[in-house]
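> Just dropping this structure here.
The values are calculated or read from the model by the stated rules, or taken from the named source; none is laboratory data. What you see is a predicted model, and the numbers here were worked out from it, not measured in a lab. Virtual Cβ from ideal backbone geometry, glycine too; neighbours counted across all protein chains shown. Protein only, heavy atoms only, side chains kept; ligands, DNA and RNA dropped before computing areas. Shrake-Rupley method; radii C 1.70, N 1.55, O 1.52, S 1.80 Å.
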Amino acid sequence: MSRIKRFGVSLEEELLISLDKLVKKHKFPSRSQAIRYLVRKNIVEDAWRDNKTVAGCIVLIYDHHKRELVNKSLDIQHKFGNSVLSAQHVHLDHHNCLEMIALKSKARRLQELADSLISLKGIKHGKLVMSGM
Ligand code: NI
């Protein structure tokens, strides 16, 4: 764990009100925790924009009975095999499957993989979660 450093921050009153609203909304224990969150969020967004190596996760919900979709999804995941760390499949109910695919690669490649999967016919919901490392 890094050493904690203290520093003073000067903010316009409206910005401070906005910060406190954010603290309340996200249930941060303190302003410091909210500022940590904002700084890290910014670092992650920059890493994705600059096509750095990043980690992420794709969540998919789809109809288990659409066999063609399952095959297509597997083909795409094979094609991007170097980027896929693991995939977990959960049978939600008789019709619905949930798949969580953990990824690590250059940001643009992960976006390309996510777009290919999420746009498949039969996907009910799909989302790429961007994360940093
Ligand atoms: Ni299933």
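> Calculate the spin-label point distance for residue 41 paired with residue 89, positioning each point 7 Å from the Cα along the beta-carbon direction, and give it in nanometres.
For residue 89 paired with residue 41, the spin-label model returns 3.6 nm.
> Project the alpha carbons of the stretch 6-68 onto their principal axes and report the range along each, largest first, in whole Å.
57, 28, 20
> Sort 98-104, 121-127 for me by packing, meaning the mean count of neighbouring Cβ atoms within 10 Å per residue, highest on top.
So the peptides 98-104, 121-127, ranked by packing, come out 98-104, 121-127.
> Still on this structure, I have one more. How large is the charge dipole for the chain, taken about the Cα centre, if only the Cβ atoms of Lys, Arg (+1) and Asp, Glu (-1) carry charge, to the nearest 20 debye?
That gives the chain a dipole magnitude of about 440 debye.
> Considering the alpha-carbon set of the stretch 73-133 alone, what are its Rg and its Dmax in angstrom?
Values for the stretch 73-133 (Cα only, Rg and Dmax): 11.8, 36 Å.
> Once the Cα atoms of helix 107-118 and of the chain are each reduced to a long axis, what angle between those two axes, in degrees from 0 to 90 to the nearest 10, is obtained?
Long axis of 107-118 versus the principal axis of the chain: about 50 degrees.
> Considering only protein heavy atoms, with the full assembly of protein chains and a 1.4 angstrom probe, order 93, 46 by accessible area, largest first.
Sorted descending by solvent-accessible area, the residues read 93, 46.
> At a probe radius of 1.4 Å, what is the per-residue accessible area of residue 7, in Å² to the nearest 10?
150 Å²
> Under a no-solvent Debye model with one identical scatterer per Cα of the chain, what's log10 I(q)/I(0) at q = 0.12, 0.18, 0.19 Å⁻¹?
For the chain, the Cα-only Debye profile gives -0.63, -0.97, -1.02.
> Here's a follow-up. Quick check: the distance between the Cα centres of the stretch 19-34 and the stretch 46-64, to the nearest angstrom?
26 Å
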